[in-house]
Amino acid sequence: MAHAESAAAPAILSEVKPAELPRATLVENHRSFSWITDKICGIIEGKTPGWWWVCFALACFVASWTVAGITYLVATGVGVWGHANPVNWAWDIVNFVFWIGIGHAGTLISAILCLLRQKWRTSINRAAEAMTIFAVVCAGIFPVFHVGRVWFAWYLFPIPNANEIWQNFRSPLEWDVFAVSTYGTVSVLFWYVGLIPDLAILRDRFFKAGNKVRSFLYGLFAMGWRGANRHWSNYEMAYLVLAGISTPLVLSVHTIVSFDFAVSLLPGWHTTIFPPYFVAGAIFSGFGMVLTLMLPLRAVFKLEDLITQYHIDCMCKITLATGTIVGYAYGMEFFIAWYGANPNEGFAFINRAFGHYAWAYWIMISCNVITPQFFWFKAVRNNTAVVWVLSIFVNVGMWFERFVIIVTSLARDFLPSSWGYYSPSIVEIFTFFGTFGVFSVLFLLFIRFLPIMPMAEIKGVMPQADPHAGHDHH
Amino acid sequence: MAASSHGVIATFDTSADIYHAAQKVRDAGYKFWDCITPCPVHGLDGAMGVKRSKVPRFSLTGGILGFTTGMSMIWFTGAYDYQLIVGGKPLFSPMFAFPVSYELTILLTAFFTIGGMFFLNGLPMHYHPVLKSDHIHAGLDDKFLIVIEARDPQFDAAATKALLAEIGGKDITEIED
């Protein structure tokens, strides 16, 4: 019997065809290396398109709102914002956390996906890292000006001063200073290291084209890169180490941002779920912003061969996964508020959902919990316009999440006699919306003057870069 | 000729070609030579006989320095130079000093990693004979190049060119120093 089975098994097995699971193609249409170079350098070398000037002018106009709002604040005082007891943190900190969170997707793509060998990251990582840096710039504006007398902002750093007193390193706010400044610095360095081989290509192309000035400028930052393999060897190792340290960095930054709240005693803030919940939310919002930025870029520059449907699918799935984690965290907060049997905490959460700010809470729930669920469906992921609209909802929802956490908890704090209702002042509103202009100005300059995709990295994941091309020669 | 020559450069079309060519140049015993590629080619380090990069040693130094800087700065500022009493808590504890030290670990690791990479690569070096060659543009675009330098003890213009031709190199030319 046993013999018969073992004899029969191979016969059956020979008929069983294991499923062919080909690796997703990262660059469509069998493009060559030089097509990649020409495509991406062509964006920089070509004439500035008309739409770029229109967008740039508009972005400068919107950015001027932030400049005007900040100038008025510095000239008058921080009272021009709508903060008043008990809500002393409001839009400024909401905006700070919102922008910092957006940055996290860039670092996730460049660092975590690099360690996980997700090769699809290569075509989106440059633009996503640029997004990170510009988002950190926008984020930094708010806490710096919220200190009131901004000319004393250097007190945040341990620099000896006339009072001979040092910073209180027990404070999560001081941790935040180090976390955010390290994050900004390391993001810039990581981005720059990635740019070096591409800047060298631009240096040589502009030199050949006879544009000595631009060749000099790109060459200055290319550091004399010449593509030597002994250099690549150190470069790749440095890149791997940077990815390795950026991974704990990105997780720690939003963890420390969440400590700003979680370490306080305020009901609604004082919860241990905050660090993972904030990190998931940050990545969720960041991928929302990556989709918001990359889909128009893909359409305008005709990059469909480089940002394929597979890339969009991957981004949508990460948005779905992190959005679902965020939804779980919302539920878990309520569960713990009930299970913890602390009446004040219970009140804080019931008040969030059904109190004066219920409108904000339900915007948050619909944008963050319901929106990503559409990404379960392939038809939705395949429809670029729908994905883009949904990504906007993610951005809106994540802004409201921070608003709900910060403002509803403060507006109903310990003393009912001091309860209040916060509304932003016109200065705050313009300052915040202006930061979208600041971000857009920086991003437009980036797509005009720097390669929006890492050419060397894309070439590295193409079949032509593999000396063994499917079969092993070792 | 020898004084003004930097070396000989040859072009290869595919990553497989340069991979096999690199093995042969390595086996021929050359020391001062390099491959120029538009992107890192997997396995080329082994084919060339390049040892594992030393960048992580710099990274580790930076990390240790960052962590100790953080811990000692916080101890010095809060517990030694100006004793800051907050809530009756101990003047120093590694617990509250950890987040800042952690961030400084990462910051200094990044500085040392990138600095170490530049140092080991001898960059920035804005002048280099290879950069004057017309080949370099193709080498960063879609071709693969091998440069054998004249300072290599085995270098002999005619023999080296013959070797490069034998292993499939095209467009073999000499680079001026």
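The values are calculated or read from the model by the stated rules, or taken from the named source; none is laboratory data. Fair warning: this is a prediction, and the values are worked out from it, not measured in the lab. Counting neighbours? That spans all protein chains shown, and the Cβs are built from the backbone with ideal geometry, glycine included.
Selection of helices (runs of 4 or more DSSP H) fully inside the stretch B:79-177 by the criterion of at least 1 residues being at pLDDT below 85 and within 25 Å of B:Val55 (Cα to Cα) returns B:129-132, B:135-141. Restricted to the stretch A:248-262, and to residues there that are within 10 Å of chain B (Cβ to nearest Cβ) and surrounded by fewer than 24 Cβ atoms within 10 Å (Cβ to Cβ), the residue that is farthest from A:Arg170 (Cα to Cα) is A:Pro248. The residues of the stretch A:297-345 that are over 21 Å from A:Tyr361 (Cα atoms), touching a Phe, Trp or Tyr at 6+ places or on another chain (Cβ under 7 Å) and crowded, with 19+ Cβ neighbours inside 10 Å, listed by number, are A:His311, A:Cys314, A:Met315, A:Cys316, A:Ile318. All told, A:Phe278 falls short of being over 15 Å from A:Trp399 (Cα atoms), of a type in the set (Phe, Trp, Tyr) and either crowded, with 19+ Cβ neighbours inside 10 Å or in contact with a Leu (Cβ under 6 Å, 6 or more places away or on another chain) (or both). Scanning the stretch B:46-79 for residues that are at the interface with chain A (Cβ under 7 Å from one of its Cβ atoms), under 14 Å from the mean Cα position of the chain (by Cα) and more than 30 Å from B:Ile18 (Cα to Cα) yields a total of 1.
Residue-level check: of (1) surrounded by 24 or more Cβ atoms within 10 Å (Cβ to Cβ); (2) more than 30 Å from A:Phe178 (Cβ to Cβ); (3) hydrophobic (A, V, I, L, M, F, W, C); (4) at the interface with another protein chain (Cβ under 7 Å from one of its Cβ atoms), A:Leu202 misses just (4).
Scoring B:Thr61 on the criteria (1) β-branched (Val, Ile, Thr); (2) surrounded by fewer than 18 Cβ atoms within 10 Å (Cβ to Cβ); (3) under 15 Å from B:Ala159 (Cα atoms) leaves a single failure, condition (3).
Quick grid of which residues meet (1) of a type in the set (Lys, Arg); (2) in contact (Cβ under 8 Å) with a residue 60 or more places away in the chain:
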site	(1), (2)
B:Ala22	no, yes
B:Lys31	yes, yes
B:Arg52	yes, no
B:Thr69	no, no
B:Ser72	no, no
B:Leu84	no, no
B:Phe96	no, no
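Taking (1) of a type outside the set (A, V, I, L, M); (2) more than 7 Å from every other protein chain (Cβ to nearest Cβ); (3) surrounded by fewer than 18 Cβ atoms within 10 Å (Cβ to Cβ) in turn, B:Tyr82 satisfies each apart from (2).
If you check B:Asp152, B:Asp141, which single one turns out to be surrounded by 13 or more Cβ atoms within 10 Å (Cβ to Cβ), acidic (Asp, Glu) and either at the interface with chain A (Cβ under 7 Å from one of its Cβ atoms) or closer than 30 Å to B:Thr69 by Cβ (or both)? I'd like the intermediate steps shown before the answer.
On the way: B:Asp152 fails: either at the interface with chain A (Cβ under 7 Å from one of its Cβ atoms) or closer than 30 Å to B:Thr69 by Cβ (or both).
Exactly one residue qualifies, and that residue is B:Asp141.
Examine the stretch B:28-45 for a residue that is crowded, with 23+ Cβ neighbours inside 10 Å, in contact with a strand residue (DSSP E or B) (Cβ under 9 Å, 6 or more places away or on another chain) and more than 11 Å from chain A (Cβ to nearest Cβ), and state whether such a residue exists. Within the stretch B:28-45, none of the residues are crowded, with 23+ Cβ neighbours inside 10 Å, in contact with a strand residue (DSSP E or B) (Cβ under 9 Å, 6 or more places away or on another chain) and more than 11 Å from chain A (Cβ to nearest Cβ).
Taking the conditions exactly as written (more than 9 Å from chain A (Cβ to nearest Cβ) and touching a Gly at 6+ places or on another chain (Cβ under 7 Å)), does B:Phe112 satisfy them or not? Considered against the rule, which asks whether it is more than 9 Å from chain A (Cβ to nearest Cβ) and touching a Gly at 6+ places or on another chain (Cβ under 7 Å), B:Phe112 comes out as yes.
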